[in-house]
2 protein chains.
Amino acid sequence: MDSITIDTINPKVLKCEYAVRGEIVTIAQKLQQDLKDNPGSHPFDEILYCNIGNPQSLAQQPITFFREVLALCDHPSILDKSETQGLFSVDAIERAFQILDQIPGRATGAYSHSQGIKGLRDAIASGIEARDGFPADPNDLFLTDGASPAVHMMMQLLIRSENDGILCPIPQYPLYSASIALHGGTLVPYYLDEQTGWGLEISELEHQLNTAKSNGIDVRALVVINPGNPTGQVLGEANQREIVEFCKKEGLVLLADEVYQENVYVPDKKFHSFKKITRSMGYGEKDISLVSFQSVSKGFYGECGKRGGYMEITGFSPEVREQIYKLASVNLCSNISGQILASLVMSPPKVGDESYESFSAEKEAVLSSLARRAQALQDALNSLEGVTCNRAEGAMYLFPRINLPDKAIKAAEEAKTAPDAFYAKLLLNATGIVVVPGSGFRQVPGTWHFRCTILPQEEKIPAIVSRLTEFHKKFMDEFRG
Amino acid sequence: MDSITIDTINPKVLKCEYAVRGEIVTIAQKLQQDLKDNPGSHPFDEILYCNIGNPQSLAQQPITFFREVLALCDHPSILDKSETQGLFSVDAIERAFQILDQIPGRATGAYSHSQGIKGLRDAIASGIEARDGFPADPNDLFLTDGASPAVHMMMQLLIRSENDGILCPIPQYPLYSASIALHGGTLVPYYLDEQTGWGLEISELEHQLNTAKSNGIDVRALVVINPGNPTGQVLGEANQREIVEFCKKEGLVLLADEVYQENVYVPDKKFHSFKKITRSMGYGEKDISLVSFQSVSKGFYGECGKRGGYMEITGFSPEVREQIYKLASVNLCSNISGQILASLVMSPPKVGDESYESFSAEKEAVLSSLARRAQALQDALNSLEGVTCNRAEGAMYLFPRINLPDKAIKAAEEAKTAPDAFYAKLLLNATGIVVVPGSGFRQVPGTWHFRCTILPQEEKIPAIVSRLTEFHKKFMDEFRG
């Protein structure tokens, strides 16, 4: 009998791509094993993973207050022991008690409401209100295992067939192309303008929407990633208002990926949520369908392994909301530690709390160091021959453009690989630095980029810069032609 | 412009049903709020949730050792403080150190390998080997946020269109029907035989497979739930061998839901994994494609809120495995606390460890109490007029059959509801007991059942029995005709 083969599995799975953990990472893992088995076998002594926004894998320490509360909620029976006073801060103990009181039966090991524990959603809603200055409803919140499952849930809801399209920025975070492929829809690209710092032009949105329509595509939603991934730009308020008007006029669901909302590094830019923008324009429930995604994996906390996050959905009919609830309920609920962490992220210690000063110091240390690292890497990249790099106003990435010589492009063709993947592989083999080729994020045809995180430890940045610079010089000497 | 309405969302979402958190539960939540707002407004003073296998929501306490380790891994900086010695057991501290050593950079807040942390997979593989007496490979393990995402992943891989079928037991756990509907496939039912204690007959499998084939369905996999949900039966070894032969002969992937593997309550039955059965028959990688699902939500630990679990996949080609890996990588990884807990569940304290005795006592107390509760509820149900109930040999549920009088069926018709949903609603309104109508699990047409967990606290069982008995008498008096 025939069994399951690569030719008989779901072709949508075959079509899906996710470069952030693709071929380059597999090579890097082999090199790492190599270095362990045969130290000195390569011209570097460690692999530097700049491929993924995973801060704690690069030695960023967790925020103490958050971990104190999580530990106490995991093992509440120590809460009233005297030794606990010596080990945990007063407000962490208080917060753990508060959170446990909000959980029915204090049962941190039980499935919760499918949208997440009501009391934690209350705390998150308060945090959103404090952030935006507009009301937020805990019943609009769906807590999820990181932001990715929330994105999948919305794609599953919106996509009926390949005739349904989702407008996505190019370059984009490949979760979007992967999720659209898995759900059998069509990605409708709109290009960010590299010349103007990855600007988002409404005329481009209109052009691409009309092109898609004339191809018979029913465009259902617009994805905006702000701050941008992989591009690092922070949208201006006026631009955001135009985007809202566009979605309202065209009847598109606005899918706002706002997971980097706390990662802004430049004084001339500020994060504004699309919820705040729509409400400040006077638009409410009936005017626009808006989904905002948030995650505990990013920000200054970077708790990727905890898989916490939420989406806030507004402007959907009760019948559609019921369907979203049903989708959530099939998977029962997201993990409770992630739920607790999402509530902490949105309602951190306040002035006067015992942990406030140490919490603020930890936060400030991470964010200011990220800003310095972004600047240093960006300066280094811009000093390389044929490389231009927009600044990382926010998020965790730089996305430099490399003008590759013809000879390099030809060599890549011979190696049957994309030119930027060719560059990234040589870079990895020469330096141990792992970046993701721009082709994994899509880009203007004929241009080449790579994504590099700003996350390596600050003391390692000079070495990275010199290794990268040395490699690039040699590469250009070889291929300048 | 048109926006998103119930008529324009993905029809597969509309088609999907998940009764475990369906209408009855919504009514129950309203009643609970009612009781809070107006105490004494109903003929009961609490809602008893017997609808879902969620032990800790019904006051089951977590296993101490597991929670100690989780707390220490959440906040490792207390590991070497002197107060910690007074609060945590020696072996929990040791285990936490071991686990941290297995995590690259000791970073419990980092995304892990997409299959899960290698060291934890090693521990799980050893646990599987100890359970089965056959080798297990950590590279065959995919750690997931509970078993549900693993089931979805396999359905996503296997289902290409509505012409692809998955053989599922009827009655079935509605995750399967929901997942098949969401992925656009066809559920091919095979009926368990209630007369023989929910027996699984190969002739029935063959009959249904052939019927499906003659309808143009390409049947790709067979789901077996052992111990059974909602039916509670534990398969015999000879029967399991027949099932393996059937899958091998027909080229079907065997999807073995083994999440209740530690929940067996009768001395004459024992759990055997399908992995062990296939290997003991001499079949290896090349003979059969097998997926085994396990979860931290069930067993004696019942850690539903932690969302931990894994699937062990064997008998897939490297190319297909690569596609499964890609699917896992799109969501980056499952939550690390759930991963740690999955490793603890599969490698608990051993003889000689400080926690061994208290751990064993906690385990034994839960399992023996569950056995007593199952027996008491089953006896009570069997004593009711027109009700027959197979024993719960395993899992967490009873699935009694109710022979409803014609008058009740007519009344249900008038109320536009299924007869067993009609019964369940009246039961809820009269007693506060929440059960799931059999129609949510599917059943032989014309028969009526409900699923009731065996999880309420043992001291509450007598009251439940008397409320249920009293309700049922009145119901029959009203509808006996």
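None of the figures in this text is laboratory data; all of them are computed from the coordinates on show. Everything numeric in this text was worked out from a predicted model, so none of it was measured. Methodologically, a virtual Cβ is constructed for each residue, glycine included, from the backbone with ideal geometry; neighbour enumeration extends over all protein chains shown.
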Response to the item:
So, relative contact order of the range B:1-157 in percent, Cα under 8 Å, 6 or more apart, is 11
Practice prompt. Within 10 Å of each Cβ in peptide A:67-73, how many partner chain Cβ atoms are there on average? Round it to a whole number, please.
Written response: 6
Practice prompt. May I ask you to derive the FRET efficiency for residue B:413 and residue A:321 from their Cβ-Cβ distance with R0 = 35 Å, giving the value to the nearest 0.05?
Written response: 0.70
Fill in: Cut-off 10 Å between beta-carbons: net charge of the residues surrounding residue B:149, Lys and Arg +1, Asp and Glu -1
-1
Fill in: J(HN,Hα) series, the range B:321-330, from Karplus relation 6.51 cos²θ - 1.76 cosθ + 1.60, nearest Hz, glycine and proline x
4, 4, 5, 5, 4, 4, 4, 5, 6, 4
Discussion item. How high is the relative contact order of chain B? Use alpha-carbon pairs under 8 Å, at least six apart in sequence, and give a whole percent.
Written reply: 21
Worksheet item: About its Cα centre, what dipole magnitude does chain A give when the only charges are +1 on Lys and Arg Cβ and -1 on Asp and Glu Cβ, stated in debye to the nearest 20?
Response: 460
Fill in: Position residue B:356, label points 7 Å along Cα→Cβ, spacing to each other copy in nm (shortest first, one decimal)
5.2
Response to the item:
Residues other than residue B:197 with Cβ under 15 Å of its Cβ, Lys/Arg counted +1 and Asp/Glu -1, net out at -3
Fill in: Net charge dipole size for the range B:111-346 [Lys, Arg +1 and Asp, Glu -1 on Cβ; Debye, nearest 20]
500
Worksheet entry | the protein assembly as shown: antiparallel DSSP beta bridges as a percent of all, rounded to 5 | 50
Response to the item:
PRE zone check, label point 7 Å out along Cα-to-Cβ of residue A:15, amide N under 19 Å, scope the range A:139-167, hits A:152-167
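For the range A:10-64, what does the alpha-carbon gyration tensor say about shape, rounded, prolate or oblate, given a ≥ b ≥ c as the root eigenvalues, a/c under 1.5 as rounded, and a/b over b/c as prolate?
Oblate.
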Worksheet entry | Cβ neighbours within 10 Å from other chains - mean over A:43-56 | 2
Discussion item. Charges at C-beta only: +1 for Lys and Arg, -1 for Asp and Glu. How large is the resulting dipole of the range A:105-197 about its Cα centre, in Debye rounded to 20?
Written reply: 400
Worksheet item: If you put a point 7 Å past Cα along the Cβ direction, how far is that point for residue A:214 from the same point in each other copy, in nm, smallest first?
Response: 5.4
Discussion item. Ignoring everything except DSSP H segments at least 4 long, calculate the 222 nm mean residue ellipticity for the protein assembly as shown; use -39,500 (n - 2.57) per segment, divide by total residues, nearest 500.
Written reply: -13500 deg cm²/dmol
Discussion item. 5 Å is the cut-off here: which amide hydrogens, built 1.01 Å from N in the peptide plane, fall below it relative to residue A:433, excluding neighbours closer than 5 in sequence?
Written reply: A:48
Item to complete: Diagonalise the Cα gyration tensor of the protein assembly as shown and give the resulting equivalent ellipsoid semi-axes, square root of 5 times each eigenvalue, largest first, whole Å.
Response: 46, 31, 30
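Mind checking A:320-330 for the average number of partner chain beta-carbons within 10 Å of each residue's beta-carbon? The partial results should precede the final answer.
Values: counts 8, 0, 2, 7, 2, 2, 8, 6, 2, 7, 14.
Other-chain Cβ atoms within 10 Å of each residue's Cβ, averaged: 5.
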Item to complete: Please turn the phi angles of the range B:51-58 into ³J(HN,Hα) values with the Karplus equation 6.51 cos²θ - 1.76 cosθ + 1.60 (θ = phi - 60°), one per residue in order, whole Hz, x for glycine and proline.
Response: 8, 9, x, 10, x, 6, 6, 10
Worksheet item: If the limit is 30 Å between Cα atoms, which of B:30/B:410; B:363/B:460; B:30/B:407; B:12/B:474; B:286/B:326 go over it?
Response: B:12/B:474
Practice prompt. Write down the percent of antiparallel bridges among all DSSP beta bridges whose residues are both part of chain B, to the nearest 5.
Written response: 50
Item to complete: Find every distance from the label point of residue B:193 to the corresponding label point in the other copies (7 Å from Cα along Cα→Cβ) and write them in nm, one decimal, shortest first.
Response: 7.4
Worksheet item: In whole Å, what three semi-axes, largest first, describe the equivalent ellipsoid of the range B:358-439 built from its Cα gyration tensor (square root of 5 times each eigenvalue)?
Response: 32, 13, 10
Worksheet, complete the sentence: Everything considered on the Cα gyration tensor (a ≥ b ≥ c; rounded for a/c under 1.5, else prolate if a/b is larger than b/c, else oblate), the range B:3-121 must be described as oblate
Worksheet item: Out of the range A:243-329, which GluC sites (Glu not before Pro) are coil in DSSP terms and have no more than 14 other C-beta atoms within 10 Å?
Response: A:285
Practice prompt. Work out the FRET efficiency for residue B:81 and residue A:33 from their Cβ-Cβ distance, taking R0 = 45 Å, and round it to the nearest 0.05.
Written response: 0.80
Worksheet, complete the sentence: Once the dipole of the range A:104-346 is set up from charges on Cβ (+1 Lys and Arg, -1 Asp and Glu), the residue from the list A:108, A:282, A:235 lying farthest towards its positive end is A:108
